[in-house]
Ligand SMILES: [Zn+2]
């Protein structure tokens, strides 16, 4: 949990109303997600290399980027500190852009960017003016957040309802060819169905987040649900926020996975999946140490062995690696 969250929300983001069980499951899911990080980040990088973007002035440019200015923005320049991800809960880009530019009074909401399912991007306001994407909250923190953040919407239906063997978005109707993920939401931790994001959308989100960090020095990227109390669930569990943060700020996926499993075990010491996850982290470090030794990189090998030793006790593989490293 980031300092910002502590600052903005009264109490813990994972409210005490949640059971230990639900909290443990959340940490296990996050830890497991980190195992897919290296391959996922490599694919995201390839996509970014093939579809480069840039920030010029306070606007994004590049292939597939268009401008649809809205008048729903603040007047005085802001210095954004965070990026906030959202789901549009619309069928497509056109509907999302239309709603976010609409001034008939049906919605006051706006945002800086909308990322379509095909990776196309619409920008509605320059990044140095506030848009109205975080909504209201009792504490007033959301209003302040509009002044401190860049709002990034992804075209996505969000939560889907399953009935009669079909999936339905909140606005009604039936999805003909839905991409569905089942996962608990971040607020209630109840298992639900969600529309999956496309790879192109997620890779673009990573690329944009990196550029915005470079340009504005953003200190974190958040999901709307993290700053909206229990009011919002978007962008939902189908959006891999931990991977996006890893892509933007770097870090060791194995260490992050271990930290998630440690948290799961803290609330549920007998959690079998968390124990398995932790064992897999140790195995990953052992493998990395062996690979480093094969390349004669003793220093890296020592680091990996130290990490593995921190997380295990009496592991024969770790002991044997230590013995090899002690040998002249
Ligand atoms: Zn939102």
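The values are calculated or read from the model by the stated rules, or taken from the named source; none is laboratory data. From a predicted model like this one, the values you see are computed outputs, not experimental measurements. Methodologically, a virtual Cβ is constructed for each residue, glycine included, from the backbone with ideal geometry; neighbour enumeration extends over all protein chains shown.
Quick notes
- Which numbered condition residue 194 fails, given (1) touching a helix residue (DSSP H, G or I) at 6+ places or on another chain (Cβ under 9 Å); (2) crowded, with 21+ Cβ neighbours inside 10 Å; (3) assigned to a strand (DSSP E or B): (1)
- Taking strands (runs of 3 or more DSSP E) as the structural unit, those lying wholly within the range 63-178 and holding at least 2 residues that are more than 16 Å from the ligand (Cβ to nearest atom), modelled with pLDDT of 95 or more and assigned by TED's automatic domain parsing to the domain that holds residue 210 correspond to 65-67, 121-123.
- Residue within the range 234-243 that is part of a loop (DSSP other than H, G, I, E, B), over 15 Å from the mean Cα position of the chain (by Cα) and either more than 16 Å from the ligand (Cβ to nearest atom) or under 29 Å from residue 48 (Cα atoms) (or both) present: no
- Residue match in the range 280-296 (condition: farther than 25 Å from residue 260 by Cα and part of a loop (DSSP other than H, G, I, E, B)): yes
- Failed criterion for residue 186 (all others in (1) touching a helix residue (DSSP H, G or I) at 6+ places or on another chain (Cβ under 7 Å); (2) modelled with pLDDT of 90 or more; (3) assigned by TED's automatic domain parsing to the domain that holds residue 26 hold): (2)
- Of residues in the range 307-328 being free of Cβ contacts under 8 Å to residues at least 24 places away in the same chain and surrounded by 15 or more Cβ atoms within 10 Å (Cβ to Cβ), the one nearest to residue 35 (Cα to Cα): 309
- Enumeration of residues in the range 215-233 that are in contact with a strand residue (DSSP E or B) (Cβ under 8 Å, 6 or more places away or on another chain) and either without any contact (Cβ under 8 Å) to a residue 40 or more places away in the chain or more than 13 Å from the ligand (Cβ to nearest atom) (or both): 215, 216, 218, 219, 220, 221
- Condition check for residue 210 on (1) within 16 Å of the ligand (Cβ to nearest atom); (2) closer than 23 Å to residue 51 by Cα; (3) assigned to a helix (DSSP H, G or I); (4) in contact with a helix residue (DSSP H, G or I) (Cβ under 8 Å, 6 or more places away or on another chain): one failure, at (1).
- Breaking point among (1) under 20 Å from residue 23 (Cβ atoms); (2) in a helix (DSSP H, G or I); (3) touching a strand residue (DSSP E or B) at 6+ places or on another chain (Cβ under 8 Å), for residue 248: (1)
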